[in-house]
Structure formats: structure tokens, C-alpha cells
Amino acid sequence: MKIKEKLQLIKEGKISAEQNIKNFLDEIDKNDKKGKKINAILQLNNNALLEAKEVDSKIKNGKAGRLAGLAIAVKANINVKGFIINCASRTLENYKAGYDATVIKKIKQEDGIIIGITNMDEFACGSSGETSAFGPCKNPASLNRIPGGSSSGSAAAVAAGFCDLALGSDTGGSIRNPASHCGVVGVKPTYGSVSRYGLIDLSMSLEQIGCFSKEIDGAELLFEIIKGKDEKDATSVIFPEKKEYTFEKRKLKLGVPKIKADEKILELIKDKVKEISNKEKWKTEEIKLKYIDLGVQTYYPINYVEFFSSTRRYDGRKYGKKIEESCGDEVLRRILGGKEIAQAEYAGKYYRKALQAKRLIEKEFDSALKKFDCLILPTVPKLPHKLGEKISVEDMYNYDSLTVLANLSGVPALSLPVGKIQGIPIGMQIICGKFQEKRMFYIAKKFETLQNL
Ligand code: GLN
């Protein structure tokens, strides 16, 4: 059932919030730890049914919010009061959140029900969902493959039918990458448009909280609710709402950058672009971007240094355990690497160079996005590997080559399922200019009509 239909039925009292939550709890019970053993949920909300009953009485009184009765799953790096927010790490294994992140407050105000906390790569370091200290998560759309990461559990929970919507965080692709592999929609908003207060950061200058849904409508609804300036997050800004939009009235222009990716994936995206431009009479143009291949080399030094700095608080005194003594290999690699890069003799060589390259990429994207209504590219350049298959660190980092670009530029991007190759879902990325989320959702919905969702 589509999300808008469900909201309507809940509002009319034809489905109760309690029934909706119960259906998801049954599904989780059947397939998360048993059955298909997806392992998407780290902790369930034991009060979910009670909360749903309260929402039902609000609905009866005509006082319910815009998310009334919907089940929302939350990545284990976003604080939800009373839950263990461990970032899927032994380091924070017993850390219980004492407050709600701003996004959670907003969801609760609109009567969304938090159904559980989701699995992820440890401290959001990863692209496969395999670095969790609590076991990897499976891809519900292709059970022997990785679901992608780092928001593996949130993407898998939506794909497996464990919730209506989910929250994740995206530093270099962690929402879009698992959305692509699991066949759901994933949105990384413009940097600054959503409060990061209460998010346990991987890399603060690149990261945004965003949403997962089966359809664009659901992701758009959740984004509308979580966006906005928050005085508790100095990097958040007032979202500029434009009253008059012209893009709905004119033929759009799509830019298709030349990039390196699996031939079959490129072909599929090309077909979709052709289909939409025939249907809508939109123009498309292949373009060459000079710095587009520099994403991974630019992203990782910044990520390492910022992550190293944010992990200094995990010294075993205030929160949890000493991180170096309790974390997994990938987290340790970043801490040690980040420390090296941060040392003075290297600073000019790697970190500042990376910041310079970041500015070049951002400028190039800003100017391309003035010429085009959006840029279209695959979300991930290759198919997800089999669970348990060993791949090199370089190959793991290369999963991110096409997603990090939006984080480095601060622009919004989403991943939309556009088909399958060998039975595995493939996502297409739509990137728009800063604060052009409305346009991005509009374009995505047009593509969605090609899918018969
Ligand atoms: N895969 C990327 C990394 O490991 C992205 C992570 C993320 O977006 N949180 O850094």
C-alpha cells in the first residue's frame, strides 16, 4: 500500500495505528532474528503498541500529526531517549541516550512511532553493513548479498517491510548506497538543511541525517518534517522556501556526467534517461566534469581527520570504553590514519590538499547545477558483493566514488530504484543544486512513474 493511501486510511480510522505497528512487529518477529535472519534491528521499542494506542485516541479526537501511526526505524547513531545508541560498536555498547535528537523530537511531535533502532556499520565507517559489532545485516532483496552501508539496517528494514520509513545518516553515501542495493528510496539532503543535534557524527562537515522510504512521497514527507534551522546546531540554516517555481512549467535539462562504472549499470541508467526524456520531452546532455574522479581521494582524508578528532571523547571515562581497545579494524584504521594525517608535518600534504580539492569539486558542481536542473548518475558503480566475501579496502572505498561527490559539494542527492541486474536492485542518483529538494523530488517522481511501483 502506498504511504499516502495508508495515512488516509489511518486518518479515517479504517486502519488503526495499533494494527499498523502490530503488522510490522509480527514481520520483524518472523524475519529479523528468525526466518530470513535479516538482522536489521538492534533494539525494538517495547512500548510501540502502547504509543500506537495513544495515537489512535488522538486520531479520534482529530488531533493527530502528519506522521500519525507510521512506524519509523532509526539508525543506531541518532539519539532516541531511553534507547541504547551504540553506533553498532562495543565501545558504546551500554550507552543509553538521555535525550532525543532534534529530528526525533520532530517525528514524535507529528505522532510518528519509533519502532526500533537499526543496525549499521560501526560508527558509520563502511559501505557494506559488515563492520557492525553485532553481526552483518542481510540484503532483503538479495539475501546472499550485502545490503550496503553504513545505514544498512535502516535500508533493510524498509525493504523487508519492518517499518514505513527510516532515518539514516549520509557522510559519503551511507543512505544512498544501501538504498540502491536494497531497492528503496534514500535521500541525503542539502548540508545544513537538517539539524545534526543528537547525531553521533562520523565526519561533521560532510554528514547529514536523511530518510528512507519505499516511495518518493514517503521520503519527501519525512524530509519536510525533519528539515529546518535548529538553534542547537550551528551548522543548520533556515531552509529557503521559494513560493514560485518555474521548473514545473518548463522542459527540464538533465546533465549526465561521464563516469566510470559497470557497463550494465551505465546501460540501465542510460535507458531510463532516454525513456524519461521521450516521455516528458526533457533535454539531456552528456557532460564532462574535470574533478569528478577525485571524490574518493578527497573524501577519505577529510573523513579520517574529522573522525579521529570526534573519537577523542571515547577515552573510557565519560562514554563507554576506550575506543582503541574496543573497536573493530575499520574504525581503528581511521583513528590511526586520522592521527597521522592530523600531525603537523602531514597537514599541508593531505588534509589541506583535500580541502582544496573539495572546494574545486563544490565549485564545479555548483556551476553544472546552474546549467542543468539535475545531474543523473548511478548511485553505486558496481554490484554489491556476496556476504562474507573478502574485498580490499580500496574496493570497499570505491563503492563510494559516485556518492561522496554530493557530500563534498553540500548538495542534495537521492537514490531511486530503477531496475535489477541479476536480480539485484540498482539505484539511480539524482543530484540537484543546494536547497533544491523540491525540484529533486519532482524529478524523482517523474522517474518513479516509469517503474510502476
Ligand atoms: N562508506 C563511506 C565511509 O565509510 C560513507 C560512510 C557514511 O556515509 N557514513 O566513510
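The values are calculated or read from the model by the stated rules, or taken from the named source; none is laboratory data. The structure displayed is predicted, hence computed values, not measured ones. Cβ: placed from backbone, ideal geometry, glycine included. Neighbour counts: every protein chain shown.
For the reader, a short list of remarks on this structure follows.
- Helices (runs of 4 or more DSSP H) enclosed by region 350-453 - at least 1 residues per element that are out of contact with any Asp or Glu (no Cβ under 6 Å at 6 or more places or on another chain) and within 16 Å of the ligand (Cβ to nearest atom): 351-371, 393-398, 404-409
- Exclusive hit being crowded, with 21+ Cβ neighbours inside 10 Å and in contact with an Asp or Glu (Cβ under 8 Å, 6 or more places away or on another chain), set ALA40, ALA101: ALA40
- Scoring TYR351 on the criteria (1) hydroxyl-bearing (Ser, Thr, Tyr); (2) in contact with a Ser or Thr (Cβ under 9 Å, 6 or more places away or on another chain); (3) at pLDDT below 95 leaves a single failure, condition (2).
- Scope region 412-433; condition small (Gly, Ala, Ser) and surrounded by fewer than 24 Cβ atoms within 10 Å (Cβ to Cβ); matching residues: GLY419, GLY423, GLY433
- Considered as a group, the residues in region 434-453 that are under 19 Å from ASP366 (Cα atoms) and of a type in the set (A, V, I, L, M, F, W, C) include one that is surrounded by the fewest Cβ atoms within 10 Å (Cβ to Cβ), and that residue is PHE435.
- Residue in region 66-79 that is surrounded by fewer than 18 Cβ atoms within 10 Å (Cβ to Cβ) and modelled with pLDDT of 95 or more present: yes
- Meets criteria (of a type outside the set (D, E, K, R), buried (at least 24 other Cβ atoms within 10 Å of the Cβ) and out of contact with any Phe, Trp or Tyr (no Cβ under 6 Å at 6 or more places or on another chain)) for SER127: no
- Among the strands (runs of 3 or more DSSP E) confined to region 152-240, the ones with at least 3 residues that are modelled with pLDDT of 95 or more, more than 15 Å from LEU416 (Cα to Cα) and not aliphatic (A, V, I, L, M) are located at 165-170.
- GLY316 being touching a strand residue (DSSP E or B) at 6+ places or on another chain (Cβ under 7 Å) and among the small types (Gly, Ala, Ser): yes
- Among the numbered conditions (1) over 27 Å from GLU324 (Cα atoms); (2) out of contact with any helix residue (DSSP H, G or I) (no Cβ under 9 Å at 6 or more places or on another chain); (3) among the basic types (Lys, Arg), the only one that LYS106 does not meet is (2).
- Cβ-Cβ contacts under 7 Å between residues 6 or more apart (or on different chains), taken from a first residue in region 140-166 that is closer than 19 Å to ILE209 by Cβ and more than 16 Å from the ligand (Cβ to nearest atom) to a second residue that is basic (Lys, Arg) and modelled with pLDDT of 95 or more, are listed as VAL158/LYS214.
- Of all residues in region 1-23, those being over 21 Å from the mean Cα position of the chain (by Cα) and outside any loop (DSSP other than H, G, I, E, B) number 15.
- For the criterion of being surrounded by fewer than 18 Cβ atoms within 10 Å (Cβ to Cβ), touching a helix residue (DSSP H, G or I) at 6+ places or on another chain (Cβ under 7 Å) and among the acidic types (Asp, Glu), GLU345 fails.
- Residues in region 299-340 that are in a helix (DSSP H, G or I), away from the ligand (no atom under 16 Å from the Cβ) and buried (at least 22 other Cβ atoms within 10 Å of the Cβ): ILE323 only.
Yes/no per residue for (1) within 15 Å of the ligand (Cβ to nearest atom); (2) within 27 Å of ASP29 (Cα to Cα):
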{"site": "ALA179", "(1), (2)": "yes, yes"}
{"site": "LEU199", "(1), (2)": "yes, no"}
{"site": "MET204", "(1), (2)": "yes, no"}
{"site": "ILE209", "(1), (2)": "yes, no"}
{"site": "GLY218", "(1), (2)": "no, yes"}
